[in-house]
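Q: What follows is a single structure, and I will ask about it in a moment.
None of the figures in this text is laboratory data; all of them are computed from the coordinates on show. Keep in mind the model is a prediction, meaning the values are calculated, not measured. Positions of Cβ are backbone-derived with ideal geometry, glycine not excepted, and every protein chain shown enters the neighbour counts.
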Amino acid sequence: TIDDATARAFMGRPEPMSETTTIRASMVEAVRALKAVMPTALLTNNIVEWREGWSALFDDATLFDVVVDSSAVGARKPERRIYEVTRERLGVAHEEIFFVDDIGQNLKAARALGWHTLLFTEERMVLPVLERLRTSR
């Protein structure tokens with residue numbers, strides 16, 4: 001059993017997405033550039049209570065064609081179902097999906113379906129890969 005105070009402090013502060021510094025501007029711009037040449041999706045493990053907070057930090061409509069929120073679909077990464085929902089909503093084959101995540105287990109589950117994956121460790125490592133992906137289209 002998790003009490004309300006514990007749930008609110010889960011990410012180390014009561015409002016985990018309240019600080020604008022949690023948004024990486026260069027990543028936002030890279031995703032916006034990708035969206036201009038290919039379908040994009042946000043696949044997030046989330047809780048209902050945080051949805052309003054994180055979605056207010058950026059204009060997800062200009063970044064993503066599809067938003068798959070675990071709290072809305074009833075499945076979480078790395079469960080197979082959430083990847084299937086994402087693929088279906090994007091309308092592409094599994095093999096056409098390039099997925100960036102900061103948790104290896106989530107990437108492993110995606111690779112098992114044929115997704116191409118990249119572990120996010122540092123922005124400076126991911127941005128050149130996203131740019132190559134964008135310009136190869």
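Q: List the relative contact order of the chain as a percent without decimals, with contacts defined as Cα pairs under 8 Å and 6+ residues apart.
A: Relative contact order comes out at 21 percent.
Q: What Kirkwood radius, in Å to one decimal, follows from the Cα pairs of region 61-128?
A: Averaging 1/r across every pair of different Cα atoms and inverting gives 12.6 Å.
Q: Using helices alone, I'd like the mean residue ellipticity at 222 nm for the chain: each DSSP H run of four-plus residues gives -39500 (n - 2.57), total over residue count, nearest 500.
A: Rounded to the nearest 500, the figure is -13000 deg cm²/dmol.
Q: How large are Rg and Dmax for the chain when calculated on the C-alpha trace, in angstrom?
A: 15.3, 49
Q: Return the long-range amide H neighbours of Val67 (sequence gap of 5 or more, or a different chain), with a cut-off of under 5 Å between placed amide H atoms.
A: HN-HN under 5 Å from Val67: Leu42.
Q: While we're here: How far is it, in nm, from the label point at Leu113 to the one at Arg51 when both lie 7 Å from their Cα along the line to the Cβ?
A: Calculated label separation equals 2.0 nm.
Q: If the only charges are +1 at each Lys and Arg Cβ and -1 at each Asp and Glu Cβ, what is the size of the charge dipole of the chain around the Cα centre, to the nearest 20 debye? Write out the running numbers ahead of the final one.
A: Working: 18 positive and 21 negative charges, 101 e Å.
Dipole of the chain, to the nearest 20 debye: 480 debye.
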